[in-house]
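Colleague: The structure's right below; bear with me while I get my questions together.
Just so you know, all these numbers are worked out from the coordinates, no wet-lab data involved. Not measured: the values here are computed from a predicted model. All Cβ positions, glycine included, derive from the backbone under ideal geometry; neighbour counts span all protein chains shown.
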Amino acid sequence: MAQHPTGHSHDAHAHGDSHESHGSLKSYVIGFVLSLVLTIIPLVAVLNDMVEGTAARVLLLVTAVLQFVVQLFFFMHLREEKKPRWNLMALILGLVIVLTIVIGSIWIMTYNKVA
Amino acid sequence: MANHGNHAASGAHGHDHGHGGHHDLEALRQMGFWLFLITDCILFGTLFATYIVLHNNTAGGPTASELFEMPGVIAETFILLTSSFTSGLAVLCMNRGNRQGLIGWLAVTAILGAAFIGLEVSEFLKMVDEGAKISTSAFLSGFYTLVGTHGLHVSVGLCWMIALMFQLRKHGITSVTRRKVNVISLYWHFLDVVWIFVFTIVYMMGVM
């Protein structure tokens, strides 16, 4: 308990080095620009029919996942977490459950169409 | 009990820069909120799974590509994305001890959030007007439940953010309000992440 369970342990410093553990203006601006780019790429490519079908789906999912990673790193400061990385552990557990639910549902229901 | 224990333990560990049990308790609370966000992820995961499975079952009603109007959705996306950035700027101001800046950026974030909700509500009203109700088809049940749950989260976040601005005005930046700002900014980034997947899976894949 006393071993600083989260990476945001240094938040309660009133002044000084607190911004180190909570990103800088630079990291927020980089994150924002990356998010904008990762939103505009699929918009332009898919709505103008530059990619279609499976390629478009892959592009959409890849840019969405990348944007998720950008938010985690640049906005939610996951990378700056101190050991032990409880936040990361919990996130991985949550993602395993979410992916199991989503992919499992798709898998089961694809073969559920009894004609 | 936890508070007392933490205090004693952090003393024993020899932290000499002035954070005691209170600090550890706030850090623990923030950790608890992170766990809530993970469970919220699982909630949205089930709603996404439901929508993905049902999105072709339109029961003779309108389909996704007939119904969705992208200009409004694109505007919502950029508004929410910008508000995620401005909530980050609020945290930056807080870390510099700038209370006015903190409240100001939170206000900008709340205004952007309100604009997002306004656009979404008008989109829903228009769709219902066109006869696309939640009871029309399994596709629309899944759609309104998924997107509506996200919208509800944003609305709750808005009320919470306004309440927090009053607290900040009254109490200033303390270890308690600091944790609250950190937590709501995590919540807001999380809602942006969920929206990215709503935008990608529901809207973009719906109209392509």
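Colleague: In degrees, nearest 10, range 0 to 90: what is the angle between the Cα axis of helix B:70-95 and the longest Cα principal axis of chain B?
Modeller: Once rounded, one gets 0 degrees.
Colleague: Quick one: if you stick a label point 7 Å off each Cα along the C-beta vector at A:VAL51 and B:CYS159, how many nm between them?
Modeller: Reported label-point gap for A:VAL51 and B:CYS159 is 4.1 nm.
Colleague: Can you pull out the trypsin sites (Lys or Arg not before Pro) in the stretch B:72-128 that DSSP calls coil and that have at most 16 other Cβ atoms within 10 Å?
Modeller: Listed in order of number, the matching sites are B:ARG96.
Colleague: Only four residue types carry charge here, +1 at the Cβ of Lys and Arg and -1 at the Cβ of Asp and Glu. Report the dipole size of chain B about the Cα centre in Debye, rounded to the nearest 20.
Modeller: On the way: 10 positive and 12 negative charges, 165 e Å.
About 800 debye.
Colleague: Taking chain B as a Gaussian network, Cα atoms linked when under 10 Å apart, which of B:PHE68, B:PHE85, B:PHE166 shows the biggest mean-square fluctuation?
Modeller: Of the options given, B:PHE166 has the highest mean-square fluctuation.
Colleague: Convert 37 °C to kelvin, take the viscosity as 0.692 mPa s, use the Kirkwood radius over C-alpha pairs of the protein assembly as shown as Rh, and evaluate the Stokes-Einstein diffusion coefficient in µm²/s, rounded to a whole number.
Modeller: Taking Rh from Cα pairs, D becomes 156 µm²/s.
Colleague: In percent, what relative contact order does the stretch A:26-80 have, based on Cα pairs under 8 Å that are 6 or more apart in sequence?
Modeller: Relative contact order for the stretch A:26-80 comes out at 50 percent.
Colleague: Helix B:2-12 sits at what angle to the longest principal axis of chain B, using alpha carbons and giving 0 to 90 degrees rounded to 10?
Modeller: 50
Colleague: I want to check the label-to-label distance for A:ILE30 and B:LEU152. Put each point 7 Å from Cα in the C-beta direction and report it in nm to one decimal.
Modeller: 3.9
Colleague: Rank B:ALA115, B:CYS93, B:GLY32 by how far each Cα sits towards the positive end of the charge dipole of chain B (+1 on Lys, Arg Cβ; -1 on Asp, Glu Cβ) and give me just the farthest.
Modeller: Value: B:CYS93.
Colleague: Cut-off 10 angstrom, C-alpha nodes, Gaussian network model of chain B. Which of B:ILE79, B:ILE117, B:ILE162 fluctuates the most?
Modeller: Fluctuation is largest for B:ILE162.
Colleague: Hey, another quick one. Using just the helices of chain B, give the 222 nm mean residue ellipticity in deg cm²/dmol: DSSP H runs with n ≥ 4 each add -39,500 (n - 2.57), and the total is spread over all residues, rounded to 500.
Modeller: For chain B, the value works out to -27500 deg cm²/dmol.
Colleague: For the protein assembly as shown, give the magnitude of the charge dipole about the Cα centre (Cβ charges: +1 Lys/Arg, -1 Asp/Glu; no others), in debye to the nearest 20.
Modeller: 700
Colleague: Roughly what angle does helix B:99-129 make with the longest principal axis of chain B, taking Cα atoms, 0 to 90 degrees, to the nearest 10?
Modeller: On a 0 to 90 degree scale, this one is about 20.
Colleague: Modelled label-to-label distance, A:LEU93 and A:GLU80, 7 Å Cα→beta-carbon offset: nm?
Modeller: 2.5
Colleague: Follow-up question, since we're still on this one. Give the average, rounded to an integer, of partner chain Cβ atoms located within 10 angstrom of each Cβ in A:49-58. Don't skip to the answer; put the middle values down first.
Modeller: Details: counts 1, 0, 1, 1, 1, 0, 0, 3, 5, 0.
That average works out to 1.
Colleague: Could you tell me which GluC sites (Glu not before Pro) in the stretch A:16-96 are loop residues by DSSP with no more than 15 other beta carbons within 10 angstrom of their beta carbon?
Modeller: Loop-located and lightly packed - A:GLU52.
Colleague: Comparing B:GLY113, B:GLY72, B:GLY60, which has the greatest mean-square fluctuation in the GNM of chain B with Cα pairs linked when under 10 Å apart?
Modeller: B:GLY60
Colleague: As an exercise, use a Förster radius of 51 Å and the Cβ-Cβ distance of B:HIS22 and A:LEU61 to find the FRET efficiency, rounded to the nearest 0.05.
Modeller: It comes out at approximately 0.70.
Colleague: Follow-up. Efficiency by 1/(1 + (r/R0)^6): what FRET value for B:LYS170 and B:ASN98, r their Cβ-Cβ distance, R0 = 22 Å, to the nearest 0.05? Walk me through the intermediate numbers first.
Modeller: Details: r = 17 Å, r/R0 = 0.78.
Calculated transfer efficiency: 0.80.
Colleague: If you wrap a convex hull around the alpha carbons of the stretch B:115-208, what volume per residue comes out, as a whole number of Å³? Write down the numbers at each step before the final one.
Modeller: On the way: hull volume 9.4 nm³, N = 94.
Per residue, the Cα convex hull of the stretch B:115-208 comes to 100 Å³.
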